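Enquirer: Pasting a structure below so you can have a look.
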Amino acid sequence: MDTEPATHRVPTRRDCLKYGGAAVGGGLLAGCTGKGESGNGTNGSTGTTGRANSYSVAMAPVGDVEFESVPKTWIANNGSWADMGIALGREPPKGLWRPNRYHTHVYDDIPGIDVHWKDLDQLWGKSLSKERFYELGADVHVFDPVFVLSRSKWKQADLDEIRENVGPVLGNSIYSHAFQWHDHRYYSLYEAFRKLAQVFGAEQRYRAFEQLHDEVVGRVRERLPPKSERPSVAILLVSSNEPEKFYPYPINEGTSYKQWRDLGATSALKEAGIEDYYVSGGTIDYETVVEADPDALLMWDGGGRFERMSREEFQDTLVSFMQNHDVASQLTAVENGDVYRGAGIYQGPIINLAWTERGAWQLYPDEFDRDEQLFDRQRVADIVAGNVSP
């Protein structure tokens, strides 16, 4: 099972050189020429361009992107960027590749945020439709253009057409560092968040979230047990409630795993030498998981099904099946009741706070009580509403 649209063609350095005049010169794939980025402002990130009220934002792999005014409408490829936009006080994106993977249920606990993934357009069905981009007419398109070239039938000319006729393109696939096609710079969650804040002219909200994040993670880390007592985990993606095969995701530096890194968890899959699904394209079985034998199992599914389940529903379906399975029942995590909803692939700053809190409850029940809120919901709501100090 692929958690994103199927792979077609991976762009090579030859492609980047081939499109050098139109793509690199035009700014769309400037990142193909190197790992860094350039710009007119501080640290090559943003600056004026000589036109009144215009500004530019630089981000790999695109490079400098000029804006004549702050975008009002937008689309994004996934829930990571969508959550960043909501955190910055923007309207939801008009569409996402797969809206059902945007975990908007997290907002149910945040006053004043009313966003639901079902209200967003699905942009990627059997293919990626250029016509839909024209119909939506977004002011900016937040996605990694190299992802589109490597995972769809689009060519460079298609990207150029959308950029020139509809609106600029910028973005980066930051959720995993295992992609074979991703040879441009990666960004951390908050580095990417800062870039989007520059696009939307919402740096004050960004700084307020950064402060809140640092406070929450700092307090959580102070309460973690010694490293020798922290659990090993395995993140496994399944396609049913009664799985026999698993898509393995060893923890790496991508944003999908941020909360688990912050919580000091070690990757049992990595220690066992099991390759990331994005690398191998293959699955593993229960016998392989038993060999790795993690202290905790963190379960993903491609469509956000587990995240929309209650804790009790999850226990009554997948966990119950594993407890009664001849091989799965041998796992330490199953024996000890440490099989959990592992959150999901996409997270921005708000979702990350919620998943860090839940992860702390799951992995460290002796240190964190489930009735304890580890971040202030009202403070999040205030930042989103713009009630922040300069």
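The values are calculated or read from the model by the stated rules, or taken from the named source; none is laboratory data. The shown structure was predicted, so the numbers you read here are calculated from the model rather than taken from an experiment. When we count neighbours, we look across all protein chains shown, and the Cβ atoms used for this are built from the backbone with ideal geometry, even at glycine. Side chains included, ligands, DNA and RNA excluded: accessible areas come from the protein's heavy atoms. Shrake-Rupley method; radii C 1.70, N 1.55, O 1.52, S 1.80 Å.
Enquirer: Need the failing condition index for LEU159 against (1) surrounded by 18 or more Cβ atoms within 10 Å (Cβ to Cβ); (2) farther than 23 Å from PHE133 by Cβ, just the number.
Expert: (2)
Enquirer: Say we look at the stretch 294-308 and pick out the residues that are within 24 Å of GLY273 (Cβ to Cβ) and open to solvent by less than 40 Å² (accessible area, probe 1.4 Å); which of these is farthest from the chain's Cα centre (by Cα)?
Expert: PRO294
Enquirer: Which condition number in (1) in contact with a strand residue (DSSP E or B) (Cβ under 7 Å, 6 or more places away or on another chain); (2) crowded, with 21+ Cβ neighbours inside 10 Å; (3) more than 26 Å from GLN373 (Cα to Cα); (4) not hydrophobic (A, V, I, L, M, F, W, C) is the one that ARG151 fails?
Expert: The number of the failed condition is (1).
Enquirer: On the basis of being modelled with pLDDT of 95 or more and under 17 Å from the mean Cα position of the chain (by Cα), does VAL106 make the cut?
Expert: In short, yes.
Enquirer: Can you run down the residue pairs with Cβ atoms below 6 Å, 6 or more apart or on separate chains, where the first is in the stretch 162-185 and closer than 16 Å to ALA76 by Cβ and the partner is outside any loop (DSSP other than H, G, I, E, B) and charged (D, E, K, R)?
Expert: Taking only residues 6 or more apart or on different chains, the pairs are VAL169/ARG163.
Enquirer: Here's a follow-up. Pick from ILE86, ILE110, ILE75: which is touching a Lys or Arg at 6+ places or on another chain (Cβ under 6 Å) and under 22 Å from ASP144 (Cβ atoms)?
Expert: Result of the check over ILE86, ILE110, ILE75: ILE75.
Enquirer: Does ALA272 qualify as being modelled with pLDDT of 95 or more, among the small types (Gly, Ala, Ser) and in contact with a strand residue (DSSP E or B) (Cβ under 7 Å, 6 or more places away or on another chain)?
Expert: Taking the combined requirement at face value, the residue does not satisfy it.
Enquirer: Please work out which residue is nearest to GLU91 (Cα to Cα), limiting yourself to the stretch 123-140 and to residues that are of a type outside the set (D, E, K, R) and surrounded by fewer than 15 Cβ atoms within 10 Å (Cβ to Cβ).
Expert: Step by step, filter the stretch 123-140, then rank; the result is GLY137.
Enquirer: Pairs only if they're at least six apart or on different chains, beta carbon under 8 angstrom, first in the stretch 80-109 and free of Cβ contacts under 8 Å to residues at least 60 places away in the same chain, second among the β-branched types (Val, Ile, Thr) and in a strand (DSSP E or B); list them, first residue then second.
Expert: That search, which allows pairs on different chains as well, returns PRO93/ILE75; PRO93/VAL142; LYS94/ILE75; GLY95/ILE75; LEU96/ILE75.
Enquirer: Check GLY171, GLY112 and return the single one that is on the phi > 0 side of the Ramachandran plot and open to solvent by less than 10 Å² (accessible area, probe 1.4 Å).
Expert: Selected residue: GLY171, the only one of GLY171, GLY112 that is on the phi > 0 side of the Ramachandran plot and open to solvent by less than 10 Å² (accessible area, probe 1.4 Å).
Enquirer: Examine the stretch 185-194 for a residue that is over 24 Å from ARG377 (Cα atoms), open to solvent by 10 Å² or more (accessible area, probe 1.4 Å) and not β-branched (Val, Ile, Thr), and state whether such a residue exists. So that I can check it myself, show each step before the final result.
Expert: As a first pass, look at the stretch 185-194 and keep what is over 24 Å from ARG377 (Cα atoms): 185-187.
Then keep just the ones that are open to solvent by 10 Å² or more (accessible area, probe 1.4 Å); that gives 185-186.
Among the residues that remain, those that are also not β-branched (Val, Ile, Thr) are: 185-186.
Yes, the conditions are met somewhere in the stretch 185-194.
Enquirer: For the stretch 110-131, how many residues meet the condition of being closer than 15 Å to ALA87 by Cα and free of Cβ contacts under 8 Å to residues at least 24 places away in the same chain?
Expert: Total meeting the criteria: 2.
Enquirer: Testing GLU291 on (1) out of contact with any Phe, Trp or Tyr (no Cβ under 8 Å at 6 or more places or on another chain); (2) open to solvent by 40 Å² or more (accessible area, probe 1.4 Å); (3) within 29 Å of ARG98 (Cα to Cα), one condition comes back false. Which one is that?
Expert: All conditions are met except number (3).
Enquirer: Within the stretch 309-384, considering only helices (runs of 4 or more DSSP H) that don't extend past its boundaries, which have at least 1 residues that are open to solvent by less than 10 Å² (accessible area, probe 1.4 Å) and closer than 25 Å to SER228 by Cβ?
Expert: Counting at least 1 such residues, we get 332-335, 349-363.
Enquirer: Sticking with this one: What about LEU236, is it among the aliphatic types (A, V, I, L, M), at pLDDT 95 or above and more than 19 Å from GLY302 (Cα to Cα)?
Expert: Working: among the aliphatic types (A, V, I, L, M): yes; at pLDDT 95 or above: yes; more than 19 Å from GLY302 (Cα to Cα): no.
Answer is no for this residue.
Enquirer: Please find, among ALA265, ALA296, ALA343, the residue that is within 30 Å of TYR190 (Cβ to Cβ) and modelled with pLDDT under 95.
Expert: The match here is ALA343.
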